[in-house]
Structures are given as structure tokens and as C-alpha cells.
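Remarks on the structure that follows.
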Amino acid sequence: MAKPSSIRYQTSEVAQQAGVCRRTLLRWLKAGKFPEPGRDRNNWRSFTQEEAREIVRHAEKYTPAPTAADTGEEKTGPGGCRREAEK
């Protein structure tokens, strides 16, 4: 019998893999689209490799592809999060 992978991912890592903002991933969890992952010793969410894959698959299926207007570096931050325009 194969040993399950012990690799765990933090919320921001899973969001980055899925190409969505961390806040989007947290909204999906709150809405019940995915079961809450386990927690680490600091009580932070700790996703298994399979949980992360499921979220990435969901994001690929339901997140629209960026348009030409969305691809500017100055418009998005890490993980595809929108950030305020510089004034």
C-alpha cells in the first residue's frame, strides 16, 4: 500500500497554484465549495496535495481566462489579486 504524501500547502501557496487571489480561495472555503482543510500546529490551514489539486482544477474550470486588459503587471499582484492603481 502506498504511503500518502506528507506534502502540505499553505493557503497562499494553493491560491498561487490556482491562479486566484488568496481572498478568493478563502471565500470559496467559506461558501462551502470545498471542505475546510486540516490545520497545522499554528492553526493555519494546511492543504494536502489532493486538496490543492482539486482547487486548481476548480479554478481552471470556473475562473475566466485573463483578457488583454487584465494582463498588465501593474494591475495585478501576487496570485492574480487586484491591487489599487498607483496614483
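Key figures
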| quantity | calculated |
| --- | --- |
| Cut-off under 5 Å, modelled amide H: who pairs with Cys21 long-range | none |
| Distance-filtered residues of region 9-30 - backbone nitrogen under 19 Å, label point 7 angstrom along Arg53 Cα→Cβ | 9-11, 13-19 |
| Residue-by-residue Karplus 3J(HN,Hα) for region 33-46, coefficients 6.51, -1.76, 1.60, Hz, glycine and proline x | 5, 9, x, 4, x, x, 10, 8, 5, 9, 6, 8, 4, 9 |
| Length gained when the stretch Asp40-Ser12 is fully extended (0.36 nm per residue, less Cα-Cα span) | 8.6 nm |
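Throughout, read-outs are computed from the coordinates displayed, never taken from laboratory work. Bear in mind that the values here come from a model prediction, so they are computed numbers and not experimental data. Every residue, glycine among them, receives a Cβ derived from its backbone with ideal geometry; neighbour counts consider all protein chains shown.
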